[in-house]
Amino acid sequence: MKVFVDSTRCQGHTLCSMIAPDAFQLSEIDGTSSPVSEVVPPELQDAVREAAQSCPEQAISIEE
Ligand code: SF4
C-alpha cells in the first residue's frame, strides 16, 4: 500500500497526523502534510485509511 498527499490541496488541518502520527509529518514551514514513507507498513495501514477518509480537503490518496 502506498500513500500520497496532494500538496496543492492540503490546508494543514493536521487531522491526518493526529489520526496517524507515525505516517504523516507536518512541514515546519507551512504546516502541510506529507507521508513519512510513501510505502505504508502493515501496522499503519488502517490508520492511514482512516486519515484519508477524514481529510477535509481529500488531499490524501491511497494505492492498494
Ligand atoms: S488532513 Fe488533509 S488537509 Fe489536513 S493536514 Fe492532513 S492532508 Fe492536509
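One residue stands out in segment 39-54 among those that are of a type in the set (S, T, N, Q) and without any contact (Cβ under 8 Å) to a residue 40 or more places away in the chain: the one that is surrounded by the most Cβ atoms within 10 Å (Cβ to Cβ), namely SER54. Here ILE29 meets the list (1) surrounded by 14 or more Cβ atoms within 10 Å (Cβ to Cβ); (2) in a loop (DSSP other than H, G, I, E, B) almost entirely, failing just condition (1).
Scan segment 2-33 for residues that are more than 9 Å from the ligand (Cβ to nearest atom) and either free of Cβ contacts under 8 Å to residues at least 60 places away in the same chain or closer than 14 Å to GLN53 by Cβ (or both) and report the count.
Kept after step one, since they are more than 9 Å from the ligand (Cβ to nearest atom), are these residues of segment 2-33: 2-4, 8, 20-23, 25, 27-30.
Now drop any that are not either free of Cβ contacts under 8 Å to residues at least 60 places away in the same chain or closer than 14 Å to GLN53 by Cβ (or both), which leaves 3-4, 8, 20-23, 25, 27-30.
Result for segment 2-33: 12.
Residues that are out of contact with any helix residue (DSSP H, G or I) (no Cβ under 6 Å at 6 or more places or on another chain), hydrophobic (A, V, I, L, M, F, W, C) and more than 11 Å from CYS16 (Cα to Cα) within segment 34-64 comprise VAL36, VAL39, LEU44, listed in sequence order.
Scanning segment 52-63 for any residue that is near the ligand (Cβ under 7 Å from one of its atoms) and among the acidic types (Asp, Glu) turns up at least one such residue.
For the criterion of being assigned to a helix (DSSP H, G or I), surrounded by fewer than 16 Cβ atoms within 10 Å (Cβ to Cβ) and at pLDDT 95 or above, GLN11 fails.
The values are calculated or read from the model by the stated rules, or taken from the named source; none is laboratory data. All of these numbers come straight from a predicted model, not from anything done at the bench. No Cβ is skipped: glycine too gets one built from the backbone with ideal geometry, and neighbour counts run over all protein chains shown.
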